[in-house]
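Here is the structure we will look at.
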Amino acid sequence: MPVSTAVPVAEYLRTTYHPDMEYMDGQLLERSVGERLHGRAQAILAGLLGAREAERGYEVFTEQRIVIAERRRYLIPDIGVKAVPYDPVPILERPDLVIEILSPDDTLTAVSKKCSIYHNAGIPAIWVVDPYRKAIYSYGADGLQLERQTALQTELTGPVDFSAVFTELDHSGRR
């Protein structure tokens, strides 16, 4: 269960936490620590998206603090994608896509709340990947929706084939 601690935003922004923490309205919030499948899914997706950066005109970030509401809210998506050019400020503002990867401790209710914060901040594309159930979700005006298709896409990224990601996860550790 996430634990929160009150700290001033200036302290949050100048402190390195292990693992990193999020910041919501004066409170430090622990993040779920991913296990092997979480880490592999993150690496596979970051690699797949990273291979398209130059062609598609974006940059990929992993576990990068992003500002949701200056001096009040800073979240850390597992993966963020931002079109270039952008203002290279120290803390990334409004990525074009965020991807959350579920850990065993995460619940769909909790991740849906986090996705709602992203959505309300104007982030146009929000995906959730469950590497344990091999499921993908998208978040929009209707909330968190389980996707029946095996690929999701944005105009920026093009299609991302999650069946290939899940197949790669199945082979993880067996080569």
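Please indicate, with yes or no, whether at least one residue in the stretch 156-165 is modelled with pLDDT under 95, of a type outside the set (Phe, Trp, Tyr) and in contact with an Asp or Glu (Cβ under 9 Å, 6 or more places away or on another chain).
Taking every residue of the stretch 156-165 in turn, none turns out to be modelled with pLDDT under 95, of a type outside the set (Phe, Trp, Tyr) and in contact with an Asp or Glu (Cβ under 9 Å, 6 or more places away or on another chain).
Can you find, within the stretch 48-58, the residue that is farthest from residue 102 (Cα to Cα) among those that are part of a helix (DSSP H, G or I) and in contact with a helix residue (DSSP H, G or I) (Cβ under 9 Å, 6 or more places away or on another chain)?
56
Based on what the data block shows, is residue 62 out of contact with any strand residue (DSSP E or B) (no Cβ under 9 Å at 6 or more places or on another chain), at pLDDT 90 or above, surrounded by fewer than 19 Cβ atoms within 10 Å (Cβ to Cβ) and on the phi < 0 side of the Ramachandran plot? Please lay out each step first, then the result.
Details: out of contact with any strand residue (DSSP E or B) (no Cβ under 9 Å at 6 or more places or on another chain): no; at pLDDT 90 or above: yes; surrounded by fewer than 19 Cβ atoms within 10 Å (Cβ to Cβ): yes; on the phi < 0 side of the Ramachandran plot: yes.
Considered against the rule, which asks whether it is out of contact with any strand residue (DSSP E or B) (no Cβ under 9 Å at 6 or more places or on another chain), at pLDDT 90 or above, surrounded by fewer than 19 Cβ atoms within 10 Å (Cβ to Cβ) and on the phi < 0 side of the Ramachandran plot, residue 62 comes out as no.
Could you please give the count of residues in the stretch 70-117 that are exposed (fewer than 14 other Cβ atoms within 10 Å of the Cβ), closer than 24 Å to residue 16 by Cα and hydrophobic (A, V, I, L, M, F, W, C)?
2
Among the residues of the stretch 105-113, is there at least one that is in contact with a strand residue (DSSP E or B) (Cβ under 6 Å, 6 or more places away or on another chain) and either in contact (Cβ under 8 Å) with a residue 40 or more places away in the chain or charged (D, E, K, R) (or both)?
Here is the first cut: in the stretch 105-113, the ones in contact with a strand residue (DSSP E or B) (Cβ under 6 Å, 6 or more places away or on another chain) are 111-112.
Filter once more, keeping what is either in contact (Cβ under 8 Å) with a residue 40 or more places away in the chain or charged (D, E, K, R) (or both): none.
Within the stretch 105-113, not a single residue is in contact with a strand residue (DSSP E or B) (Cβ under 6 Å, 6 or more places away or on another chain) and either in contact (Cβ under 8 Å) with a residue 40 or more places away in the chain or charged (D, E, K, R) (or both).
Report the residue count in the stretch 59-73 for those that are outside any loop (DSSP other than H, G, I, E, B) and within 24 Å of residue 41 (Cβ to Cβ).
Here the count works out to 6.
Which residues, counting only those in the stretch 136-163, are within 19 Å of residue 43 (Cβ to Cβ) and either without any contact (Cβ under 8 Å) to a residue 12 or more places away in the chain or assigned to a loop (DSSP other than H, G, I, E, B) (or both)?
157, 161
Taking the stretch 87-104 as the search range and keeping residues that are in a loop (DSSP other than H, G, I, E, B) and modelled with pLDDT of 95 or more, which one is nearest to residue 155 (Cα to Cα)?
Within the stretch 87-104, the subset in a loop (DSSP other than H, G, I, E, B) is 87-91, 94-96, 102-104.
Remaining after also requiring modelled with pLDDT of 95 or more: 95-96, 102.
Numbers: 95: 14, 96: 10, 102: 24 Å.
It comes out as 96.
Quick one: residue 127 ticks every box in (1) in contact with a helix residue (DSSP H, G or I) (Cβ under 7 Å, 6 or more places away or on another chain); (2) within 20 Å of residue 33 (Cα to Cα); (3) among the hydrophobic types (A, V, I, L, M, F, W, C) except a single one, so which number is it?
Residue 127 satisfies every listed condition except (1).
The values are calculated or read from the model by the stated rules, or taken from the named source; none is laboratory data. From a predicted model like this one, the values you see are computed outputs, not experimental measurements. Cβ atoms come from the backbone with ideal geometry, glycine included; neighbour counts cover every protein chain shown.
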